[in-house]
Amino acid sequence: QVQLVESGGGLVQAGGSLRLSCAASGNIFSVNAMGWYRQAPGKQRELVATITSGGSTNYEDSVKGRFTISRDNAKNTVYLQMNSLKPEDTAVYYCNAAIVYGSSFYPTDYWGQGTQVTVSS
């Protein structure tokens with residue numbers, strides 16, 4: 001059994017900052033790519049940022065220069081530092097990780113429960 005537990009969401013004024021964390025736990029052999037997605041009301045879930053086990057990153061255009069994704073492989077944890085937040089960043093943010101667990105050979109996609117980020121104008 002593998003779990004992703006997120007923390008760090010909340011309410012912030014425009015221009016402010018938040019840091020999200022997501023820790024993977026359970027019978028983990030290895031964690032491959034990790035990432036953050038978000039879903040605003042009435043919209044589809046969209047990619048925010050991803051990071052490989054080697055540290056290569058990818059960002060959605062609207063967050064480039066404002067958000068930074070990082071990870072601590074020893075703790076199986078991924079972070080999202082969000083600066084210069086805008087009202088349009090308001091959404092539920094979900095953590096995602098491709099995890100090889102137990103004795104399996106292939107990674108399985110896991111999702112966190114989601115954490116609400118609200119940016120007021």
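Observations, loosely collected:
- Some residue of the range 5-12 being aliphatic (A, V, I, L, M), buried (at least 21 other Cβ atoms within 10 Å of the Cβ) and within 14 Å of the chain's Cα centre (by Cα): no
- Positions within the range 29-42 being open to solvent by less than 50 Å² (accessible area, probe 1.4 Å) and either within 16 Å of Arg71 (Cα to Cα) or free of Cβ contacts under 8 Å to residues at least 24 places away in the same chain (or both), in sequence order: Ser30, Val31, Ala33, Met34, Gly35, Trp36
- Residue in the range 104-112 that is touching a Lys or Arg at 6+ places or on another chain (Cβ under 7 Å), at pLDDT 95 or above and not small (Gly, Ala, Ser) present: no
The values are calculated or read from the model by the stated rules, or taken from the named source; none is laboratory data. Only a predicted model underlies this, so the values are computations on that prediction, with no experimental measurement involved. Cβ sites come from the backbone with ideal geometry, for glycine too, and all protein chains shown count toward neighbours. Surface accessibility is based on the protein's heavy atoms, side chains included, excluding ligands, DNA and RNA. Shrake-Rupley method; radii C 1.70, N 1.55, O 1.52, S 1.80 Å.
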